[in-house]
Amino acid sequence: MNSVGEACTELKREYDQCFNRWFAEKFLKGDSAGDPCGQLFKRYQLCVQKAIKEKDIPIEGLEFMGPSKGKTGNSS
């Protein structure tokens, strides 16, 4: 699947490959230490954020990979 921004598709592919490799070769075998794909994810995330701004995609009210600010933790 391509990314929201054409320029981000290669970064997405690289991150997906890194994550899938880590998940299969480490995490599923009990080794959850470290974050080998963190830098790739940050580069991809910045690219997507830029593409969203360039395409003027409204994102108000959406939360991306982070804690809710100003919201209660009630999940019931």
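Stretched out fully, how many nm does the piece from E6 to E54 gain, at 0.36 nm a residue minus the Cα gap? Mind dumping the intermediate values first?
Working: separation 48, 0.36 × 48 = 17.28 nm, distance 1.17 nm.
That pair, E6 and E54, stretches by 16.1 nm at full extension.
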Under 17 Å from the Cα of K53, which aspartates and glutamates turn up, not counting those fewer than eight places away in the same chain?
E6, E63
What are the ³J(HN,Hα) values, in whole Hz, obtained from phi via the Karplus relation 6.51 cos²θ - 1.76 cosθ + 1.60 with θ = phi - 60°, for each residue of segment 29-35 in sequence order, with x given for Gly and Pro?
9, x, 9, 9, 6, x, 9
For segment 6-55, give the percent of accessible area contributed by carbon and sulfur heavy atoms, probe 1.4 Å, rounded to a whole number.
54 percent
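The values are calculated or read from the model by the stated rules, or taken from the named source; none is laboratory data. On a predicted model such as this, the values are computed, not experimentally measured, just so you know. The accessibility values were calculated without ligands, DNA or RNA, using every heavy atom of the protein model including side chains. Shrake-Rupley method; radii C 1.70, N 1.55, O 1.52, S 1.80 Å.
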